[in-house]
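A quick write-up on the structure given underneath.
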Amino acid sequence: MKKNIALVFFLMLGVFGFHESNAQFKFSNLFGSKDQPKKRKTFEAYSSVSIGVGSSHYYGELSPYNRFLQSTINGVRWNASFNFTRQLSPQFGLRFGLTWARIFGDDNYMDGVPGFEANFMRNLHFRNDIKEFSIVGQYDFVRTAKGSVRRAAVIPYIFGGVAVFAHDPMAKPDKTLFPDQSDWVRLQPLHTEGQGLPGYAQPYSLISVSAPLGIGVRYKLNHNFDLGLEIGYRFTMTDYLDDVGGFYADPADLATQSTLSVAMANRTLERTAAYSGKDRTNGVINYLTSIGVYNPGSGVDPFTYSSVPGFSDRTDARGNSKYKDSYMLTSVKLIYYIPTKIKCPPLR
């Protein structure tokens, strides 16, 4: 994570450095020098606003980094955004953005995937609506010689910066156990890993920071409008976009909160996947047989077990704290360039 933040920092440093040298060049052009005549300023700063929609992709415990392509495809959701950009120089702009993105993950995507049987057995899922405010620097690879009207037909660019976002992971309870519960329940107040209880860590924050980094291209439609395509990756500072990051809590400790806390913390022995509604019987039998705790010929219902080895004690990992969660956003944008000079009709 530190390497990723450093990459963003040096990228921004380089972009600001280029902008500074460019600004000095314009300053000398504007005022001239003792040896040169005064020249006219050629670039005019301008502003634009945009609205965009696109896809969102989550990476974390429920959508592993080492299956990046599959994780990008599985659980794809949506995002919508609004941006204001001030173009400060021929190649550098500062952008302020508001984004609402939904992300999703489900262990049941791992059903039958070799090497990920334990993920399937864990049987967790979530969705999370992220509300993000970002400030990024945007560097264009093609110069705009004057104002927005004379911008190039195609402008590729890169961007990097910082964002603050609010999030709130939720999941569906097992309706056979909790028929009166709403379809989606908030996970953080349930202390699913014991957070906030005596002897456990503090509850994770629902406000966090990320480092957006990405690329895009703008296509000129006419004097006032562009069509933009963009993809951006968010390196976050939290491991709890999915409510998973540490170890299992003692069910007795969770029971002091509610039976719902106990059920949502450990979902290994649910017969039906709560989100997709798929029967998990064969996958559960295969996993329990592979670890030597179940005999398929015994006739015993495996869902009557009280617990599963590796998924019950406080020393059993529920998640992997080595890597923070992240998400990627794609966007198609309609960009409007605000005229720098508005002509008023003559008064008569």
- [ ] Scan around residue 78 for amide H atoms under 5 Å from its own, H built in the peptide plane at 1.01 Å from N, and keep only partners 5 or more places away or cross-chain.
- [x] 56, 102
Task: residue 205 - accessible surface, heavy atoms, 1.4 Å probe, Å² rounded to 10 - done: 70 Å²
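Name the trypsin sites (Lys or Arg not before Pro) in segment 257-341 that are in a loop by DSSP and that have at most 12 other C-beta atoms within 10 Å, would you?
Sparse-neighbourhood loop trypsin sites (Lys or Arg not before Pro): 278, 322, 341.
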- [ ] Note down the nm distance, to one decimal, between modelled labels 7 Å out along Cα→Cβ at residue 96 and at residue 300.
- [x] 6.4 nm
TODO: Give the accessible area for residue 125 in Å² (nearest 10); use a 1.4 Å probe, count only protein heavy atoms, and leave out ligands, DNA and RNA.
DONE: 10 Å²
Open item on the list: Quick check: residue separation of residue 72 and residue 315 times 0.36 nm, minus the Cα distance between them. What number comes out in nm?
Closed with: 84.4 nm
TODO: Calculate for the chain the 222 nm mean residue ellipticity that helices alone would give, adding -39,500 (n - 2.57) per DSSP H run of length 4 or more and normalising by residue count, nearest 500 deg cm²/dmol.
DONE: -5500 deg cm²/dmol
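Could you please put 272, 259, 144 in sequence from largest to smallest accessible area, using a 1.4 Å probe? Mind showing how you got there, number by number?
On the way: 272 65, 259 105, 144 0 Å².
If we order 272, 259, 144 from most to least accessible, we get 259, 272, 144.
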TODO: Could you order 150, 86 so the one with the most accessible surface comes first? Probe is 1.4 Å.
DONE: 150, 86
Task: Linear extension gain, residue 207 paired with residue 291, 0.36 nm per residue minus alpha-carbon span - done: 26.3 nm
- [ ] Quick one: what are the phi-derived ³J(HN,Hα) couplings along segment 302-309, Karplus 6.51/-1.76/1.60 with θ = phi - 60°, whole Hz, x for glycine and proline?
- [x] x, 7, 8, 4, 7, 6, 10, x
Task: Long-range amide H partners of residue 92 with built H, under 5 Å - done: 140
Task: Translational D in µm²/s for the chain (Stokes-Einstein at 25 °C, 0.890 mPa s, Kirkwood Rh from C-alpha pairs) - done: 106 µm²/s
- [ ] Note down the accessible area of residue 170, probe 1.4 Å, to the nearest 10 Å².
- [x] 40 Å²
TODO: Output ³J(HN,Hα) for segment 208-223: one whole-Hz value per residue in order, computed from phi by the Karplus curve 6.51 cos²θ - 1.76 cosθ + 1.60 with θ = phi - 60°, and x for Gly and Pro.
DONE: 8, 10, 9, 10, x, 8, x, 9, x, 8, 10, 10, 6, 8, 7, 4
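Let me know the charge dipole size of segment 75-174 about its Cα centre in debye, to the nearest 20, where only the beta-carbon of Lys, Arg (+1) and Asp, Glu (-1) is charged.
That gives a dipole near 920 debye.
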Open item on the list: Run the numbers for residue 149 and residue 279: contour at 0.36 nm per residue of separation, minus the present Cα-Cα distance, in nm.
Closed with: 40.9 nm
Task: Carbon and sulfur %, accessible surface of segment 137-281 computed with the full protein complex present, 1.4 Å - done: 62 percent
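The values are calculated or read from the model by the stated rules, or taken from the named source; none is laboratory data. Fair warning: this is a prediction, and the values are worked out from it, not measured in the lab. Positions of Cβ are backbone-derived with ideal geometry, glycine not excepted, and every protein chain shown enters the neighbour counts. Just the protein is used for accessible areas: all its heavy atoms, side chains included, with ligands, DNA and RNA removed. Shrake-Rupley method; radii C 1.70, N 1.55, O 1.52, S 1.80 Å.
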